[in-house]
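*Asks:* I have a structure I would like to understand better, so I am pasting it below and will then ask my questions one at a time.
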Amino acid sequence: MNKKQREEAVTTLSQKIAASSAGFVIDFQGLSVEASNDLRRQIRKAGSELKVAKNTLLRRAARETDFATMADSFIGPTAVLFVQDNPVPVVKVLKKFIKDNPAAPLKVKGGVLNKTLLSHQDIDLLAELPSREVLVAQLLGVLTAPMRNLVSVLAEVPRKFLRGLNAVAETKQGQQ
């Protein structure tokens with residue numbers, strides 16, 4: 001690569017970093033081309049992009065950005081996942097790929113989410129989160145529960161009154 005190509009690569013990486021809300025660094029050494037293409041396809045479906053870049057170019061592009069905290073992870077063969085929106089589906093794809101391909105030597109080196117460096121435990125927790133739709137449904141269930149309980153309590157008063165009237169009517173019929 002000549003100087004102009006390196007500058008263009010740094011500019012491109014900087015733009016991708018600026019447009020990303022989260023990013024993950026993975027070590028793909030020893031991953032076959034077929035497995036690599038499969039992983040790229042799955043990540044693209046999840047709404048992200050996997051980019052292999054030189055570590056020095058990544059360090060330059062990451063300076064004074066959210067990814068600067070991950071600079072220590074830019075060692076060895078490095079690929080970066082740029083996530084624009086929700087990082088959970090991307091992390092789930094990564095974890096599923098690692099689980100489904102135990103022979104593939106893919107390792108997640110680190111990640112960053114909203115300027116916060118993520119540990120391996122944080123990344124595992126992200127992978128275990130339910131989807132956004134499920135979380136919204138759970139929140140709505142929690143928010144509507146008090147109203148449902150109030151309606152059922154208020155509806156129980158007339159029900160008890162009717163059951164009492166029915167009991168009185170049955171006893172009067174039994175006496176006649």
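*Asks:* Check SER14 against each of (1) free of Cβ contacts under 8 Å to residues at least 12 places away in the same chain; (2) surrounded by 13 or more Cβ atoms within 10 Å (Cβ to Cβ) and name the one condition it does not meet.
*Replies:* Unmet condition: (1).
*Asks:* Can you say whether THR12 is modelled with pLDDT under 85 and out of contact with any helix residue (DSSP H, G or I) (no Cβ under 6 Å at 6 or more places or on another chain), as far as the supplied structure shows?
*Replies:* no
*Asks:* Here's another thing I want to ask about it. Looking at segment 44-86 only, could you name the residues that are within 17 Å of ALA9 (Cβ to Cβ) and assigned to a loop (DSSP other than H, G, I, E, B)?
*Replies:* ALA53, LYS54, ARG63, THR65, PHE74, PRO77
*Asks:* Which residue out of ARG6, ARG41 is touching a Leu at 6+ places or on another chain (Cβ under 7 Å), over 13 Å from ALA79 (Cα atoms) and either assigned to a helix (DSSP H, G or I) or without any contact (Cβ under 8 Å) to a residue 60 or more places away in the chain (or both)?
*Replies:* On the way: ARG41 fails: touching a Leu at 6+ places or on another chain (Cβ under 7 Å).
Sole residue among the options that is touching a Leu at 6+ places or on another chain (Cβ under 7 Å), over 13 Å from ALA79 (Cα atoms) and either assigned to a helix (DSSP H, G or I) or without any contact (Cβ under 8 Å) to a residue 60 or more places away in the chain (or both): ARG6.
*Asks:* Just checking, which of ASN37, ASN55 is touching a Ser or Thr at 6+ places or on another chain (Cβ under 6 Å) and in the same structural domain as THR69 (by TED's automatic domain parsing)?
*Replies:* Answer to the check: ASN55.
*Asks:* In addition: Just give me the residues in segment 35-54 being of a type outside the set (D, E, K, R) and out of contact with any Pro (no Cβ under 9 Å at 6 or more places or on another chain), in sequence order.
*Replies:* Matches in segment 35-54: ALA35, SER36, ASN37, LEU39, GLN42, ILE43, LEU50, ALA53.
*Asks:* Might you check whether a residue that is surrounded by 10 or more Cβ atoms within 10 Å (Cβ to Cβ) and not in a helix (DSSP H, G or I) occurs anywhere in segment 138-152?
*Replies:* The answer is no, given that none of the residues of segment 138-152 is surrounded by 10 or more Cβ atoms within 10 Å (Cβ to Cβ) and not in a helix (DSSP H, G or I).
The values are calculated or read from the model by the stated rules, or taken from the named source; none is laboratory data. Note that this is a predicted model, so its numbers are computed, not measured. In this analysis, Cβ positions are derived from the backbone assuming ideal geometry, glycine residues included, and neighbour counts consider all displayed protein chains.
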